[in-house]
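Colleague: Mind having a look at this structure? Questions to follow.
The values are calculated or read from the model by the stated rules, or taken from the named source; none is laboratory data. In this text, all values refer to a predicted model and were calculated from it rather than measured experimentally. Don't worry about glycine lacking a Cβ; one is built from the backbone with ideal geometry, like all the others, and counts go over all protein chains shown.
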Protein chains: 2
Amino acid sequence: MKDLMNIKHCGECISNLPIFRSLTEEQSEMINTTRCRVRYRPGETIFKQGTAMTHIIIVTEGLVKVYLEGINDRNLILRFARPVAMIGGPGFFTDYKNHVTTMAIEETSACFIDVNTLKEIIEQNQNFAIALLKWVNSHTLSTYTKFIELTQKGMHGRIAGALLYLHKEVFFDMEGGFRINRQDLADLTAMSKESGIRILKELKDENLISVVGNYIVLNDIDRLEKISMKG
Amino acid sequence: MKDLMNIKHCGECISNLPIFRSLTEEQSEMINTTRCRVRYRPGETIFKQGTAMTHIIIVTEGLVKVYLEGINDRNLILRFARPVAMIGGPGFFTDYKNHVTTMAIEETSACFIDVNTLKEIIEQNQNFAIALLKWVNSHTLSTYTKFIELTQKGMHGRIAGALLYLHKEVFFDMEGGFRINRQDLADLTAMSKESGIRILKELKDENLISVVGNYIVLNDIDRLEKISMKG
DNA sequence: GTATTTTGTTGATTATTGTCAATGAATATT
DNA sequence: AATATTCATTGACAATAATCAACAAAATAC
């Protein structure tokens, strides 16, 4: 019976996120009865910028990218998310639209939570509201870092910074390296794909990183950090 | 007697901000008894990036800029604020530090509100917590726009965008134009002062704007908007 | 297994943007 | 009023980064 229920939702995904710790039994149950789990193949869009924001998701398996669709088909990747991570958006409590696009990069499981349910819980539970404020503010903090990253660093610094971000904040639990394709690396660092490729090659030629196809290993974190600082 | 009280705080400043509408009498009083009003001269720093976040402010008179201090003494202006506006920060509920610097540009009055008082009220009043979430999310929204603005537009588009921002969102209630110095315009658009000056001159030469010293009037909003779109 | 499409790579060129230096104008200081 | 000091301006130049085109390699479709 319990296994059957797990088909509908993802079991205990919300208990793995600190933000949901403050929920009462009853509130957890409210979420559990409405939420459901969906699987995505690489390249599938989960949320599309411009559509109505009806749900948030919790990524329970796989890998997604969250990005802004900008001018002339250029995208700006704001973050990558791996399990267990919540993907919300600034449309919550404002215009209830999705202002970013979320796309699966690997085979991904996402657990959908209805925003109205969430809203109801926030209205009941101050601690949860505070946890959410904290979550939003910590995201704003990364955003500020990203501003400096993108507007005040040269291409070398941006690529180094992006690699360090992937290594330390996205794939922190992985042995060795990680995979990312060239276009995504370019979209993460706000430069053309060709420029990204060139910088990557330079870093490889200096043995700061190893590259085999899309698989990247950082060999010299210290020097990458220096490059990231200066630019 | 009432006049004497106004020396300590700024009278009814919080009643002019929608975000404080949900406060009870008692909660308003909590804020009123601890808050106090401070005057700043142009160039004075109100909050300094890196210091402890003990208060938020409400700007009741004057003009301030909110900016990130980045690399090599370069600043990135996130927003300008005029009365009545609240200046908070992502340190709230996270690390309680100031992550941005706030500086008076004109003679400014700011009303200081203690973050602990604020925190206490948030814990009591869900509607206020929601209003705050809404406020934070709407700021995140502008942040997203700014990302595209700064990373995907050329210098012409960025200057045009900045001028439209100043005209429509900062000085929207002013007849004619507004004042901004060249360095601030450059810091708002993430370019060098010299580049900013050159673009400004081009826009002036094409009669899209009038410039007299630091005073700028937008003559052709439509064409500026076109330039802002394309870049 | 071959064809087709996507993704990655490289070099040449152009476009964009920053830096440096010199100078003028405006403002503040003594 | 004379002197600093800051701010604005301009041109020349260098550095940075995008575009374009051609091609190679890998993945996918047929």
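Colleague: Among (1) within 7 Å of chain A (Cβ to nearest Cβ); (2) within 25 Å of B:Met30 (Cβ to Cβ); (3) of a type in the set (Val, Ile, Thr), where does B:Ile121 come up short?
Modeller: It is condition (1) that B:Ile121 fails.
Colleague: In addition: In region B:141-156, which residues are in a helix (DSSP H, G or I) and closer than 22 Å to A:Leu188 by Cβ? Give the derivation first.
Modeller: First, the residues of region B:141-156 that are in a helix (DSSP H, G or I): B:141-152, B:155-156.
B:Leu141, B:Ser142, B:Thr143, B:Tyr144, B:Thr145, B:Lys146, B:Phe147, B:Ile148, B:Glu149, B:Leu150, B:Thr151, B:Gln152, listed by residue number.
Colleague: Before we move on, is B:Gly154 surrounded by fewer than 16 Cβ atoms within 10 Å (Cβ to Cβ), within 14 Å of another protein chain (Cβ to nearest Cβ) and either in contact with a helix residue (DSSP H, G or I) (Cβ under 8 Å, 6 or more places away or on another chain) or not charged (D, E, K, R) (or both)? Working first, answer last.
Modeller: On the way: surrounded by fewer than 16 Cβ atoms within 10 Å (Cβ to Cβ): yes; within 14 Å of another protein chain (Cβ to nearest Cβ): yes; either in contact with a helix residue (DSSP H, G or I) (Cβ under 8 Å, 6 or more places away or on another chain) or not charged (D, E, K, R) (or both): yes.
Criteria met by B:Gly154.
Colleague: Given the criterion in contact (Cβ under 8 Å) with a residue 24 or more places away in the chain and more than 16 Å from DNA strand C (Cβ to nearest atom), identify the matching residue among B:Leu164, B:Leu133, B:Leu150.
Modeller: Details: B:Leu133 fails: in contact (Cβ under 8 Å) with a residue 24 or more places away in the chain; B:Leu150 fails: more than 16 Å from DNA strand C (Cβ to nearest atom).
Among B:Leu164, B:Leu133, B:Leu150, only B:Leu164 is in contact (Cβ under 8 Å) with a residue 24 or more places away in the chain and more than 16 Å from DNA strand C (Cβ to nearest atom).
Colleague: Right, here's the next one. Looking at B:Ile46, B:Ile77, which one is under 15 Å from the mean Cα position of the chain (by Cα), under 29 Å from A:Leu150 (Cα atoms), within 13 Å of another protein chain (Cβ to nearest Cβ) and crowded, with 18+ Cβ neighbours inside 10 Å?
Modeller: Answer to the check: B:Ile77.
Colleague: Identify the residue in region B:74-121 that is among the aliphatic types (A, V, I, L, M) and in a loop (DSSP other than H, G, I, E, B) and, among all such residues, is nearest to B:Phe20 (Cα to Cα). Break it down into steps so the answer makes sense when it comes.
Modeller: Initial filter on region B:74-121 (among the aliphatic types (A, V, I, L, M)): B:76-78, B:81, B:84-87, B:100, B:103-105, B:110, B:113, B:115, B:118, B:121.
If we keep only those that are in a loop (DSSP other than H, G, I, E, B) too, we end up with B:84, B:100, B:105.
Working: B:Val84: 12, B:Val100: 23, B:Ile105: 26 Å.
Top of the filtered list is B:Val84.
Colleague: Here's a follow-up. So, in region B:173-206, how many residues would count as being near DNA strand C (Cβ under 9 Å from one of its atoms) and either aromatic (Phe, Trp, Tyr) or more than 18 Å from the chain's Cα centre (by Cα) (or both)?
Modeller: Total satisfying the criteria: 8.
Colleague: Can you pull out the residues in region A:194-210 that are within 12 Å of DNA strand D (Cβ to nearest atom) and more than 18 Å from A:Arg79 (Cα to Cα)?
Modeller: Matches in region A:194-210: A:Glu194, A:Ser195, A:Ile197, A:Arg198, A:Ile199, A:Glu202.
Colleague: So, in region A:12-30, of the ones that are surrounded by fewer than 20 Cβ atoms within 10 Å (Cβ to Cβ) and of a type in the set (A, V, I, L, M), which residue ends up nearest to A:Gly91 (Cα to Cα)?
Modeller: Among residues in region A:12-30 that are surrounded by fewer than 20 Cβ atoms within 10 Å (Cβ to Cβ) and of a type in the set (A, V, I, L, M), the one nearest to A:Gly91 (Cα to Cα) is A:Ile19.
Colleague: May I pose another question? Which of the numbered conditions does B:Ile87 fail, given that it passes all the others? Conditions: (1) within 30 Å of B:Glu123 (Cβ to Cβ); (2) away from every other protein chain (no Cβ under 14 Å).
Modeller: Going through the list (1) within 30 Å of B:Glu123 (Cβ to Cβ); (2) away from every other protein chain (no Cβ under 14 Å), B:Ile87 breaks only (2).
Conditions (1) surrounded by 14 or more Cβ atoms within 10 Å (Cβ to Cβ); (2) in contact with a helix residue (DSSP H, G or I) (Cβ under 6 Å, 6 or more places away or on another chain); (3) within 14 Å of chain A (Cβ to nearest Cβ), marked per residue:
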| site | (1), (2), (3) |
| --- | --- |
| B:Trp135 | yes, yes, yes |
| B:Thr143 | yes, yes, yes |
| B:Glu149 | yes, yes, yes |
| B:Tyr165 | yes, no, no |
| B:Ile180 | yes, no, no |
| B:Ala190 | yes, yes, yes |
| B:Ser210 | yes, no, no |
| B:Gly213 | no, no, no |
| B:Met229 | no, no, yes |
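Colleague: Related question: I'd like the full set of residues that are assigned to a loop (DSSP other than H, G, I, E, B) and either at pLDDT below 95 or facing another protein chain (nearest Cβ under 9 Å) (or both), limited to region A:49-73. Walk me through how you get there before you give the answer.
Modeller: If we filter region A:49-73 for residues that are assigned to a loop (DSSP other than H, G, I, E, B), which is where we start, we get A:49-51, A:53-54, A:62-63, A:70-73.
Within region A:49-73, A:Gly70, A:Ile71, A:Asn72, A:Asp73 meet the criteria.
Every residue, every condition in (1) at pLDDT below 95; (2) assigned by TED's automatic domain parsing to the domain that holds A:Pro18; (3) out of contact with any helix residue (DSSP H, G or I) (no Cβ under 6 Å at 6 or more places or on another chain); (4) hydroxyl-bearing (Ser, Thr, Tyr), yes or no:
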residue: A:Leu78; (1), (2), (3), (4): no, yes, yes, no
residue: A:Gly91; (1), (2), (3), (4): no, yes, yes, no
residue: A:Thr102; (1), (2), (3), (4): no, yes, yes, yes
residue: A:Gly176; (1), (2), (3), (4): yes, no, yes, no
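Colleague: Checking A:Gln124 against (1) at pLDDT below 95; (2) closer than 18 Å to A:Phe80 by Cβ, only one condition comes out false. Which one?
Modeller: Among (1) at pLDDT below 95; (2) closer than 18 Å to A:Phe80 by Cβ, A:Gln124 violates only (2).
Colleague: Moving on. Among the residues in region B:149-161, are any more than 16 Å from DNA strand D (Cβ to nearest atom) and among the acidic types (Asp, Glu)? Spell out how you get there, then give the answer.
Modeller: Filtering region B:149-161 down to residues more than 16 Å from DNA strand D (Cβ to nearest atom) leaves B:160-161.
Now restrict to residues that are among the acidic types (Asp, Glu): none.
No.
Colleague: Does B:Phe92 meet the test of being closer than 22 Å to A:Asn137 by Cβ, aromatic (Phe, Trp, Tyr) and away from DNA strand D (no atom under 16 Å from the Cβ)? Talk me through it step by step, then tell me what you get.
Modeller: Numbers: closer than 22 Å to A:Asn137 by Cβ: yes; aromatic (Phe, Trp, Tyr): yes; away from DNA strand D (no atom under 16 Å from the Cβ): yes.
Spelling it out, B:Phe92 is indeed closer than 22 Å to A:Asn137 by Cβ, aromatic (Phe, Trp, Tyr) and away from DNA strand D (no atom under 16 Å from the Cβ).
Colleague: For region A:158-193, what are the residues that are closer than 13 Å to A:Ile221 by Cα, among the small types (Gly, Ala, Ser) and not in a loop (DSSP other than H, G, I, E, B)?
Modeller: Selection gives A:Ala160, A:Gly161, A:Ala162.
Colleague: Which of the numbered conditions does B:Thr143 fail, given that it passes all the others? Conditions: (1) free of Cβ contacts under 8 Å to residues at least 40 places away in the same chain; (2) outside the structural domain of B:Glu225 (by TED's automatic domain parsing).
Modeller: (1)
Colleague: Search region B:36-59 for residues that are in contact (Cβ under 8 Å) with a residue 60 or more places away in the chain and pair each with any residue that is in a strand (DSSP E or B) and aromatic (Phe, Trp, Tyr) when their beta-carbon atoms are under 8 Å apart and the residues are at least 6 apart or on different chains.
Modeller: So the pair list comes out as B:Cys36/B:Phe112; B:Arg37/B:Phe112; B:Val38/B:Phe112; B:Ile46/B:Tyr40; B:Met53/B:Phe47; B:His55/B:Phe112; B:Ile56/B:Phe112.
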